Amino acid sequence: MGKCSQYDAIIIGAGHNGLITAAYLGKAGKKVLLLEKRPVIGGSCVTEEVIPGFKISTTSYVCSLLRPEVIHDLELKKFGFKLLLRDPSSLSLFPDGKYFYFWRDPKKTHQEIAKLSEKDARNWAHYHEDLEQIASIVEPMMIKPALDPQTKKIKELFEMAKLGLRVRKEDKALSNLLRMFSMSVADFLDSYFESTELKATLATDGVIGAFAGPYMPGTAYVLFHHVMGEAEGVKGAWGYVEGGMGGITQALYKSATRFKVEALTNASVHKILVKNGEAYGVALQDGREFYAKAIISNADPKKTFLDFVSSHDLPSDFIRGVKNIKFRSASFKINLALDSLPSWKAIPGSELGPQHRGTIHLSPSMEYIERAFDDAKYGRPSRQPVLECTIPTSVDPTIAPLGKHIMGMFVQYFPYDLKEGNVVQEKEKFVKTCLNLLEEYAPGIQNKISGVHALSPQDLEKEYGLTGGNLFHGEMTLDQLLFMRPQPGWSRYRTPLPHLYLCGSGAHPGGGVLGAPGYLAAKTILSLESSRTQRTW
């Protein structure tokens, strides 16, 4: 068995959070090693040429949530990160030929909503004001370790008191916040709008990536989580990354390597090494071992604590809690290589136009989305799935051959636990179902497809290490957020095993290409490990 040099920190998983933690530790002068099981850096935030000639964002596909602190501190723009804003941001299409846009210009969006409902157009500003008020409370919590109401530490009690005073200053802020956390996205939107089409479009942000329908309590927060970001200073905006989503992780990697951070790919972890009740190293599947003062896992909590750590090294109640974390998923991704742009039935024409630039929503009503979820709830792929389509080549021609295009389709729902049928066969049938539905909105598009790449939840687990195919490293429900993520009492990146930490989306504040877990983990680790004189950095 090969024995390798000592590091200050070893990070398991070179996804965006792992890279962020590595870069901040490296910047602080620590000797850091990244271990990535895949042949490419980036985890599930990558650009891959899975169809020859096409640089595809295979899993994650748009950017808004990446923390501005990370972009600034690590100088990501200096290392090639470039966010491309879209205008319009989205297009919603309907079977009866109706359509509407969301534009960057609020006045133009107001006019689009007025086509659906004058009342909803009047309420649009009120809706956004309420979201901004809630964001003023929640956003500061996203870039600080979670406050635990059970704490006895004076500093944390003081922070909670400050939060309480801030909430009291905001009119109706607390009631709006509690509504957001507890309500279904359908009920939340019903309190503002009457248009079926408008509510169906907004509701997709409440169910995207979740094993949930729009009438499930808690989905209002999932919507809020998705609209809380910004792109190039524009609040709530989403953009494409030049070169694909791998542009983020490649910039992070380049930033980290200037601090002498080392990375190994094709390095599959076998176990975390423990001695005298403390984590001290990592053993790979090929027999190599690496040692460090701090071991940091960017893998999800189940993989970290149930696969990499022996049950003898963790408290039984902690293991029981990890086993009970919900990882249900029904997310499906299809990537298409196109010979030309689609011509939508509602907006004919294959010449590049506004109908191609934003996210295209194919989900006609709240009831349609709920029926799609009903199938998944009983272990069946949706017979009429929800499609969210993007065409990144509409603003970034560098990722496909001249004149060709890429379409990404994020699809709900294909359950991880199928009640009947073979996964491979059901996956093939589901791809056909999705393409046939797309054909109804864009006649002739199937004749333009030159390549198809599809990922089921089972593929996401096998290829990208996402347990259950869950994109967020655990569901984003109220019982699995804040001080309860990943477990009550263990929300601050530490674990019951000394010198073992979490830095991934399974830690506070959660999933998406956010970067806050990696950022906060690095700050915590630098503080805690530096205070432990028996393991001097």
Cβ contacts < 9 Å: first residue more than 19 Å from VAL222 (Cα to Cα) and assigned to a helix (DSSP H, G or I), restricted to the range 194-206; second residue of a type in the set (D, E, K, R) and open to solvent by 10 Å² or more (accessible area, probe 1.4 Å), any location; separation 6+ or different chain. Result? THR196/GLU367; GLU197/LYS98
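Among the residues of the range 15-40, write down those that are in a loop (DSSP other than H, G, I, E, B) and in contact with a Ser or Thr (Cβ under 6 Å, 6 or more places away or on another chain).
Of all residues in the range 15-40, those in a loop (DSSP other than H, G, I, E, B) come to 28-31, 36-40.
Matches in the range 15-40: GLU36, LYS37, PRO39.
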If you go through LYS275, LYS235, the only one that is within 19 Å of the chain's Cα centre (by Cα), more than 29 Å from LEU455 (Cβ to Cβ) and open to solvent by 60 Å² or more (accessible area, probe 1.4 Å) is LYS235
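Restricting to the range 77-93, name every residue that is among the small types (Gly, Ala, Ser) and either closer than 19 Å to VAL513 by Cα or part of a helix (DSSP H, G or I) (or both). Give the steps one after another, and end with the answer.
Our first condition is that a residue be among the small types (Gly, Ala, Ser); within the range 77-93, this holds for 80, 89-90, 92.
The answer is GLY80, SER89.
Within the bounds of the range 477-485, is there any residue that is in contact with a helix residue (DSSP H, G or I) (Cβ under 7 Å, 6 or more places away or on another chain), at negative phi and surrounded by 19 or more Cβ atoms within 10 Å (Cβ to Cβ)? Full working, then the answer.
Going through the range 477-485, the residues in contact with a helix residue (DSSP H, G or I) (Cβ under 7 Å, 6 or more places away or on another chain) turn out to be 478.
Subsequent filtering for residues that are at negative phi retains 478.
Keeping just the survivors that are surrounded by 19 or more Cβ atoms within 10 Å (Cβ to Cβ) gives none.
No, the range 477-485 contains no residue that is in contact with a helix residue (DSSP H, G or I) (Cβ under 7 Å, 6 or more places away or on another chain), at negative phi and surrounded by 19 or more Cβ atoms within 10 Å (Cβ to Cβ).
Does GLN150 satisfy being modelled with pLDDT of 95 or more and open to solvent by 30 Å² or more (accessible area, probe 1.4 Å)? Write out each step before concluding.
Numbers: modelled with pLDDT of 95 or more: no; open to solvent by 30 Å² or more (accessible area, probe 1.4 Å): yes.
So GLN150 does not fit the description; no.
Taking the conditions exactly as written (of a type in the set (Asp, Glu), open to solvent by 40 Å² or more (accessible area, probe 1.4 Å) and assigned to a helix (DSSP H, G or I)), does GLU49 satisfy them or not?
Numbers: of a type in the set (Asp, Glu): yes; open to solvent by 40 Å² or more (accessible area, probe 1.4 Å): yes; assigned to a helix (DSSP H, G or I): no.
So GLU49 does not fit the description; no.
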Conditions (1) within 21 Å of the chain's Cα centre (by Cα); (2) farther than 27 Å from GLU197 by Cβ; (3) not hydrophobic (A, V, I, L, M, F, W, C): number failed by SER90: (2)
Which one is least open to solvent (accessible area, probe 1.4 Å), of the residues in the range 218-232 that are out of contact with any helix residue (DSSP H, G or I) (no Cβ under 6 Å at 6 or more places or on another chain) and either modelled with pLDDT of 75 or more or charged (D, E, K, R) (or both)? HIS225
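Quick one: which of GLU278, GLU289, GLU232 is in contact (Cβ under 8 Å) with a residue 24 or more places away in the chain, acidic (Asp, Glu) and within 23 Å of VAL46 (Cα to Cα)?
Values: GLU278 fails: within 23 Å of VAL46 (Cα to Cα); GLU289 fails: within 23 Å of VAL46 (Cα to Cα).
Going through GLU278, GLU289, GLU232 in turn, the sole match is GLU232.
For the range 64-73, check the following and say yes or no: at least one residue is open to solvent by 10 Å² or more (accessible area, probe 1.4 Å) and among the hydroxyl-bearing types (Ser, Thr, Tyr). Steps first, answer last, please.
Within the range 64-73, the subset open to solvent by 10 Å² or more (accessible area, probe 1.4 Å) is 65, 67-69, 71-73.
Next cut, among the hydroxyl-bearing types (Ser, Thr, Tyr) only: none.
The answer is no, given that none of the residues of the range 64-73 is open to solvent by 10 Å² or more (accessible area, probe 1.4 Å) and among the hydroxyl-bearing types (Ser, Thr, Tyr).
Residues are listed down the side, and each one gets a yes or a no for (1) hydrophobic (A, V, I, L, M, F, W, C); (2) touching a Phe, Trp or Tyr at 6+ places or on another chain (Cβ under 7 Å):
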residue: MET409; (1), (2): yes, no
residue: VAL424; (1), (2): yes, no
residue: ASN436; (1), (2): no, no
residue: VAL452; (1), (2): yes, no
residue: PRO457; (1), (2): no, yes
I'd like the residue in the range 416-468 that is closer than 24 Å to LEU338 by Cα and among the small types (Gly, Ala, Ser) and, out of all such residues, is surrounded by the fewest Cβ atoms within 10 Å (Cβ to Cβ). GLY444
Taking the range 287-315 and keeping residues open to solvent by 40 Å² or more (accessible area, probe 1.4 Å), of a type in the set (Asp, Glu) and farther than 25 Å from LEU471 by Cα leaves ASP313
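Does the range 373-388 include one or more residues that are in contact (Cβ under 8 Å) with a residue 60 or more places away in the chain and touching a Leu at 6+ places or on another chain (Cβ under 9 Å)? Spell out the reasoning first.
Just the residues of the range 373-388 that are in contact (Cβ under 8 Å) with a residue 60 or more places away in the chain, to begin with: 373-374, 376-377, 386, 388.
Add one more test, that the residue is touching a Leu at 6+ places or on another chain (Cβ under 9 Å), and what stays is 386, 388.
Within the range 373-388, one or more residues are in contact (Cβ under 8 Å) with a residue 60 or more places away in the chain and touching a Leu at 6+ places or on another chain (Cβ under 9 Å).
If I filter the range 238-248 down to residues being in a loop (DSSP other than H, G, I, E, B) and over 14 Å from the mean Cα position of the chain (by Cα), which single residue comes out as surrounded by the fewest Cβ atoms within 10 Å (Cβ to Cβ)?
Going through the range 238-248, the residues in a loop (DSSP other than H, G, I, E, B) turn out to be 238, 242-245.
If we keep only those that are over 14 Å from the mean Cα position of the chain (by Cα) as well, we get 242-244.
Numbers: GLU242: 16, GLY243: 21, GLY244: 29.
Taking the candidates together, the pick is GLU242.
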Being without any contact (Cβ under 8 Å) to a residue 12 or more places away in the chain and of a type in the set (S, T, N, Q) is the filter here, so list the residues in the range 307-364 that pass it. SER311, SER316, ASN324, SER350
Restrict the check to the range 326-334 and report whether at least one residue is closer than 18 Å to SER57 by Cα, of a type in the set (A, V, I, L, M) and surrounded by fewer than 23 Cβ atoms within 10 Å (Cβ to Cβ). yes
Residues of the range 389-403 being open to solvent by 70 Å² or more (accessible area, probe 1.4 Å) and either in a helix (DSSP H, G or I) or in contact (Cβ under 8 Å) with a residue 12 or more places away in the chain (or both), which ones? PRO397, THR398
Just one listed residue, out of ILE360, ILE347, ILE406, ILE369, is surrounded by 24 or more Cβ atoms within 10 Å (Cβ to Cβ), touching a helix residue (DSSP H, G or I) at 6+ places or on another chain (Cβ under 7 Å), of a type outside the set (S, T, N, Q) and closer than 24 Å to LEU198 by Cα, and it is ILE369
The lone condition ALA251 fails out of (1) open to solvent by less than 30 Å² (accessible area, probe 1.4 Å); (2) modelled with pLDDT of 85 or more; (3) within 30 Å of LYS377 (Cα to Cα); (4) within 19 Å of the chain's Cα centre (by Cα) is (3)
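Filter the range 487-503 down to the residues that are touching a strand residue (DSSP E or B) at 6+ places or on another chain (Cβ under 7 Å) and part of a loop (DSSP other than H, G, I, E, B), then identify the one that is most open to solvent (accessible area, probe 1.4 Å).
First, the residues of the range 487-503 that are touching a strand residue (DSSP E or B) at 6+ places or on another chain (Cβ under 7 Å): 493-495, 497-503.
Subsequent filtering for residues that are part of a loop (DSSP other than H, G, I, E, B) retains 493, 495, 497-499, 503.
Values: TYR493: 2, THR495: 10, LEU497: 3, PRO498: 47, HIS499: 5, CYS503: 0 Å².
Selected residue: PRO498.
The values are calculated or read from the model by the stated rules, or taken from the named source; none is laboratory data. None of the values given here were measured: they were computed from a predicted structure. Cβ atoms come from the backbone with ideal geometry, glycine included; neighbour counts cover every protein chain shown. With ligands, DNA and RNA removed, areas are computed over all heavy atoms of the protein, side chains included. Shrake-Rupley method; radii C 1.70, N 1.55, O 1.52, S 1.80 Å.
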